Amino acid sequence: MRIAVLGAGSLGTIAGAYIAAGGQDVELIDVYQAHVDALNETGAKITGTTDFHAEVKAITPENMSGVYDLVLLLTKQLYNHSILQDLLPFLNDQSTVLSLQNGIPEEQVASIVGRERVVAGSVEFGATFIKPGVSELTTEFNRFKEYAFQIGELTGEVTERIEQIKKILDLVGGTHISTNLVGTKWSKLLINNAFSGLSAALNTEFGGVLDHEISVESAVHIADETIKVAHANGVEFADMGGFDIASLEVKSEKDIPERIQTLRDIMRSSRLLKASMLQDLEKKRKTEIDYINGVIPRLALEKGIPTPYNDMVVSLVKHAEETKELPVFDSNIKFFEELNN
């Protein structure tokens, strides 16, 4: 099987390194020439909660050739149209594109590459790009090896194709097949909304969100808004790592202390994570905020559901994008304090 990791950033470098070390024919594809050069010259180095090194083959997109049997799509949704159009010449009728992007992009991906080619997935670990050739794993290693991915067919069927992809991804970390792909993606979206969104809006790691009383309560409200909007749109959440995500819904104010403790418990292994959106802001790049927290207000509008916490995250991140100035925790936390009161 010929495999491409399209978007070999922090997550893609880790995935590609372990797949290559497993003896697979894999190319890491990225637009960052210095990163590609480092990967080819010194290999992929994984630091953080592990210490791992693997020889890999890396190329820039203009050097793609032949046909890929499996493409792990890890680029930003912002660029999907052009990236997927450019990918088409390197796919055949049997090729599979595994969408591992944040948010719920599968319909857009399917509209370009063909629904029959698309398998969807959710990345369950975090990483930070350190420098060309080096990625930091920020999820506890044992957790990473137990829960690295969830994948599934859009139909919910357990097919031979999905079993084959699982074997490939198991080389990276624990991979679980979901028969409720929509629910799986929404479960990941909820975590991204609550923690990646706040990480970017407040300029802190996930641990910083968990440790501050106002920010962790805001995470509870963001999760609650996401659940209410999802349910109004007919979504049934899938369990994540054995946890019932929908149980985070707030039905009365007295639920909030318990929800805070639950978030602190289930997110303990992810304390070191820094949102990719915050990493984008640090590099003065546009983020995926419209495809993460921004999904909730759009879907809530026609249902008449208020989403002030997700709205605030979107507003603060967009302000940082426009000014190209990093958010200041002590300043931005005041906006959430007003919402909490």
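Residue separation of residue 231 and residue 78 scaled by 0.36 nm, minus their Cα-Cα distance, works out to 52.4 nm of gained length. Across the range 156-161, coupling constants 3J(HN,Hα) worked out from phi with the 6.51/-1.76/1.60 Karplus curve, θ = phi - 60°, read x, 6, 9, 9, 4, 4 Hz, and Gly and Pro carry x.
Hey, for a label at residue 328 modelled as a point 7 Å past Cα toward Cβ, could you say which residues of the range 189-208 have their backbone N under 19 Å away? Hits in the range 189-208 for residue 328 at 19 Å: 199-205. Can you list the residues of the range 133-148 with backbone N under 15 Å from a point 7 Å past the Cα of residue 32, pointing along Cα to Cβ? So the set is 133-138.
Here residue 303 is the anchor, and the lysines within straight C-alpha reach of less than 21 Å, apart from those fewer than 8 places off in the same chain, are 185, 228, 251.
Across the range 206-321, the relative contact order, built from alpha-carbon pairs under 8 Å that are at least six residues apart, equals 33 percent. Counted residue by residue at 0.36 nm each, then reduced by the alpha carbon distance between them, the extension gain from residue 60 to residue 298 reaches 82.2 nm. Rounded to 0.05, the FRET efficiency of the residue 341 and residue 142 pair, given R0 = 51 Å and the Cβ-Cβ distance, is 0.80. Number of Lys-Lys pairs in the range 2-179 with C-alpha atoms under 14 Å apart and a separation of 8 or more places or on different chains: 4. A straight line joining the Cα centroids of the range 66-140 and the range 193-258 runs 26 Å.
Pick from 183, 66, 114: which is most flexible by mean-square fluctuation in a GNM of the chain where alpha carbon atoms under 10 Å apart are linked? Of 183, 66, 114, the Gaussian network model singles out 66 as fluctuating most.
The gain in end-to-end length when the residue 115 to residue 315 segment is fully stretched comes to 68.6 nm, 0.36 nm per residue minus the alpha carbon separation. The alpha-carbon of residue 283 sits under 18 angstrom from the alpha-carbons of these aspartates and glutamates, leaving out residues fewer than 8 places away in its chain: 30, 136, 205, 321, 322, 325.
Values quoted throughout were computed directly from the atomic coordinates according to the rules given, and no laboratory measurement underlies them. No experiment lies behind these values; they were computed from the predicted model shown. Don't worry about glycine lacking a Cβ; one is built from the backbone with ideal geometry, like all the others, and counts go over all protein chains shown.
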